[in-house]
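Scroll down for the structure; my scribbles are underneath it.
The values are calculated or read from the model by the stated rules, or taken from the named source; none is laboratory data. Quantities reported herein were computed from a predicted structural model and do not represent experimental measurements. Here the Cβ is made from the backbone with ideal geometry for all residues, glycine too, and neighbour counts use every protein chain on show. Accessible surface areas use protein heavy atoms only, side chains included; no ligands, DNA or RNA. Shrake-Rupley method; radii C 1.70, N 1.55, O 1.52, S 1.80 Å.
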Amino acid sequence: STLTVGPLRSDADHHEIADAVAASQPGAQIRVLAGQYLKPVVIEHDLSLVSDGEGEVVLDCDSAPCITIRAGRVSLDGLRLKTSMGTDAVALAVEGGDVSAQDCTFRGTGTGSSTAVWVHGPATVLHLSGAKLQDAAVGLRATDGATAGLADCWFDRATEHAVVVTTGAQ
């Protein structure tokens, strides 16, 4: 099934990405129209989340990771995630599943111990392609046995490290 997300003035199925994800069935595709969205998203099943059309899709969260993926085969395409949370902020937290992110931008706050992308857990796999990781203390953090693959990624303004791999991660 396909759901759409768009700003309040649009005739989309939902007006927040989080609401569309909560209403989706496993295997659904969610097409997101250009705009700014604020609610943190939690994904626990197979799902495709795709930017639709012209303009930027920005998810800007100040209370939790912008997107937390706990399970499933998940695909992200063309999204911009920005965490405004401050200390210990995370734009994308991958806690389980097999996740691919293509042509996405992940931004931290540039302060404290922010992380643009954090992948952790022994059954967790993340594939980044054409991604931009910027303005965070750490661009990519892989821990606790997770596996992360990078292709054609760009790191900018990491105040501590572009990539940190610890605790049995690959």
Checklist entry - For labels at Thr159 and Ala64 in the simple 7 Å Cα→Cβ model, what's the distance in nm? => result 2.5
Checklist outcome for this item: Within the chain, cysteines having no neighbouring cysteine beta carbon under 4.7 Å are Cys104, Cys153
Item to check | Within the chain, helix-based [θ] at 222 nm, where runs of 4 or more DSSP H residues each add -39,500 (n - 2.57), nearest 500 | outcome: -1000 deg cm²/dmol
Checklist outcome for this item: The ratio Rg/Rh over the Cα atoms of the range 73-170, Rh being the Kirkwood inverse mean 1/r radius, stands at 0.93
Next on the checklist: Residues of the range 124-138 with backbone nitrogen within less than 11 Å of a virtual label 7 Å along the Cα-to-Cβ line of Thr167, please, listed as ranges.
Outcome noted: none
Checklist outcome for this item: Cα extents of the range 1-79 along the principal axes, largest first, in whole Å, come to 31, 30, 20
Item to check | Among Pro40, Thr4, Val90 - extreme Cα towards positive end, dipole of the range 1-125, charges at beta-carbon | outcome: Val90
Item to check | Exposure of Lys132 as accessible area (Å², to 10), given a probe of 1.4 Å and all protein chains | outcome: 90
Checklist entry - Considering only protein heavy atoms, what per residue accessible area in square angstrom results for the chain with a 1.4 angstrom probe? => result 44
Next on the checklist: 7 Å from Cα along Cα→Cβ at both Glu56 and Thr2: what's the point-to-point distance in nm?
Outcome noted: 2.6
Checklist entry - What percentage of the solvent-accessible surface of the range 56-170, computed with a 1.4 Å probe over protein heavy atoms, is contributed by carbon and sulfur atoms? => result 48
Item to check | Semi-axis lengths, Å, the chain, gyration tensor of Cα atoms, sqrt of 5 times eigenvalues | outcome: 24, 18, 13
